[in-house]
1. Taking the residues in region 7-27 that are surrounded by 10 or more Cβ atoms within 10 Å (Cβ to Cβ) and under 20 Å from Arg65 (Cβ atoms) as candidates, determine which candidate is modelled with the highest pLDDT.
2. Among Val109, Val54, which is of a type in the set (Val, Ile, Thr) and either over 14 Å from the mean Cα position of the chain (by Cα) or surrounded by fewer than 16 Cβ atoms within 10 Å (Cβ to Cβ) (or both)?
3. Evaluate region 80-90: report whether one residue or more is assigned to a helix (DSSP H, G or I) and surrounded by fewer than 14 Cβ atoms within 10 Å (Cβ to Cβ).
4. Filter region 65-95 down to the residues that are closer than 19 Å to Gln3 by Cβ and charged (D, E, K, R) and list them by number.
5. Can you tell me how many residues in region 91-106 are within 22 Å of Arg41 (Cβ to Cβ) and surrounded by fewer than 20 Cβ atoms within 10 Å (Cβ to Cβ)?
6. Looking only at region 63-79, how many residues end up being exposed (fewer than 15 other Cβ atoms within 10 Å of the Cβ) and either among the aliphatic types (A, V, I, L, M) or farther than 22 Å from Ala107 by Cα (or both)?
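The values are calculated or read from the model by the stated rules, or taken from the named source; none is laboratory data. Keep in mind the model is a prediction, meaning the values are calculated, not measured. Here the Cβ is made from the backbone with ideal geometry for all residues, glycine too, and neighbour counts use every protein chain on show.
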Amino acid sequence: MDQRLRRTERLQHAFEFRAVFDRGGCFRTGVLRVHFLRTDRDLSRLGLVVSRRVGDAVVRNRVKRLLREVFRRSKGELPAPMDIVLLPQGPPRTHREYLEAYRRFLAKVQAEAACAR
């Protein structure tokens, strides 16, 4: 599996984010909120929404780097291509906390995919 995060693997336009929020599902933890929408594309895409409440620009950029890394390393574990929007909740967390929250989301999605078969 290609470990890079290419430009084509990112949500870039407001209408793409809006589609995920309006038609997709939502998974919440205390650390992370994940909105997701299954697509018929060949690959999964990531979008990030990090509000100013998380911190100043330096902190927000660090959080975004951590979240991109979490997605990049585990994008091959998704059972089907989907658009994913990650929204961190509360104060900035560690990479491990974001990873654990995302893994809980992956487990839920994988279980749903197994039930659908």
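1. Among those residues, the one meeting the criterion is Phe17.
2. Val54
3. The answer is no, given that none of the residues of region 80-90 is assigned to a helix (DSSP H, G or I) and surrounded by fewer than 14 Cβ atoms within 10 Å (Cβ to Cβ).
4. Passing the criteria: Arg65, Arg68, Glu69, Arg72, Arg73, Lys75, Glu77.
5. 1
6. Residues that pass the stated criteria total 1.
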